[in-house]
Amino acid sequence: MSRSLTDVAPAVLVPAAWTLTLGAHVSPLVSRHVLLVGLSVMTVLLGAFAVVARDQMTGPVLAVWQGVIVVGFLITLVGAVDLAITPDADPALPVTLYGWMAIPALAYVATAAEMEPPFNRIYLAGAILALAGAATYGLAGSDVDAAVGIAAVGLGQTAGIVTAVYQNPGTGG
């Protein structure tokens, strides 16, 4: 049984995206330009993945995730355009950030409902951790609180996507 790039790439890309997001909040190395490049690359990858994997994304769980990918493409595009055209302010960037915090977490709840133990518990725990992280970020009173919130979202979503990759038997291609 072999796995294609579309089968395993999300297990690398999800934590990479949250690492970039965390870096944008805590490190001067992640400039607006670096974030714009990251969002642009993510937009292209999400668009390509939505097209390439479209026929494989069927059934109750994968159909939910196809929706996450399509909505994610749109909200990531909004964030990239926002960074590109508003150099001094980013009025739409929170849509991208909170969208990516909440939408996959809610999809993990839907995924958990369709899975058997122990996988359902991993998806649900990932969703809870991601939503708690989003709340922590939203209520952050300091940069440390914001960083903890982002890290929690990243850990929760990474737990879910690594579980999905583990469960995915591959397409043989």
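Mind checking whether some residue in segment 103-116 is hydroxyl-bearing (S, T, Y) and under 26 Å from R32 (Cβ atoms)? Can you show your working first?
Kept after step one, since they are hydroxyl-bearing (S, T, Y), are these residues of segment 103-116: 108, 111.
So of that shortlist, the ones also under 26 Å from R32 (Cβ atoms) come out as none.
No, because not a single residue in segment 103-116 is hydroxyl-bearing (S, T, Y) and under 26 Å from R32 (Cβ atoms).
Among the residues of segment 17-40, count how many are of a type in the set (A, V, I, L, M) and surrounded by 16 or more Cβ atoms within 10 Å (Cβ to Cβ).
Kept after step one, since they are of a type in the set (A, V, I, L, M), are these residues of segment 17-40: 17, 20, 22, 24, 26, 29-30, 34-37, 39.
Now restrict to residues that are surrounded by 16 or more Cβ atoms within 10 Å (Cβ to Cβ): 17, 20, 22, 24, 30, 35-36, 39.
So the count comes out to 8.
May I ask you to verify whether V51 is on the phi < 0 side of the Ramachandran plot, without any contact (Cβ under 8 Å) to a residue 24 or more places away in the chain, in contact with a Gly (Cβ under 7 Å, 6 or more places away or on another chain) and of a type in the set (V, I, T)?
Numbers: on the phi < 0 side of the Ramachandran plot: yes; without any contact (Cβ under 8 Å) to a residue 24 or more places away in the chain: yes; in contact with a Gly (Cβ under 7 Å, 6 or more places away or on another chain): no; of a type in the set (V, I, T): yes.
It is false that V51 is on the phi < 0 side of the Ramachandran plot, without any contact (Cβ under 8 Å) to a residue 24 or more places away in the chain, in contact with a Gly (Cβ under 7 Å, 6 or more places away or on another chain) and of a type in the set (V, I, T).
Give segment 47-89 a look and list any residue that's surrounded by fewer than 16 Cβ atoms within 10 Å (Cβ to Cβ), outside any helix (DSSP H, G or I) and not polar (S, T, N, Q), or say none.
Answer for segment 47-89, where residues must be surrounded by fewer than 16 Cβ atoms within 10 Å (Cβ to Cβ), outside any helix (DSSP H, G or I) and not polar (S, T, N, Q): P87, D88, A89.
Using the structure shown, decide if T43 is buried (at least 17 other Cβ atoms within 10 Å of the Cβ), closer than 26 Å to A135 by Cβ and hydroxyl-bearing (S, T, Y). Full working, then the answer.
Working: buried (at least 17 other Cβ atoms within 10 Å of the Cβ): yes; closer than 26 Å to A135 by Cβ: no; hydroxyl-bearing (S, T, Y): yes.
Judged against the criteria, T43 is not a match.
Residue-wise test of (1) touching a helix residue (DSSP H, G or I) at 6+ places or on another chain (Cβ under 7 Å); (2) outside any helix (DSSP H, G or I); (3) modelled with pLDDT of 95 or more; (4) within 18 Å of L20 (Cα to Cα).
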{"residue": "P104", "(1), (2), (3), (4)": "yes, no, yes, yes"}
{"residue": "V109", "(1), (2), (3), (4)": "yes, no, yes, no"}
{"residue": "A159", "(1), (2), (3), (4)": "yes, no, yes, yes"}
{"residue": "T163", "(1), (2), (3), (4)": "yes, no, yes, no"}
{"residue": "T171", "(1), (2), (3), (4)": "yes, yes, no, no"}
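The values are calculated or read from the model by the stated rules, or taken from the named source; none is laboratory data. Quick caveat: nothing in here was measured; it's all calculated off a predicted structure. No Cβ is skipped: glycine too gets one built from the backbone with ideal geometry, and neighbour counts run over all protein chains shown.
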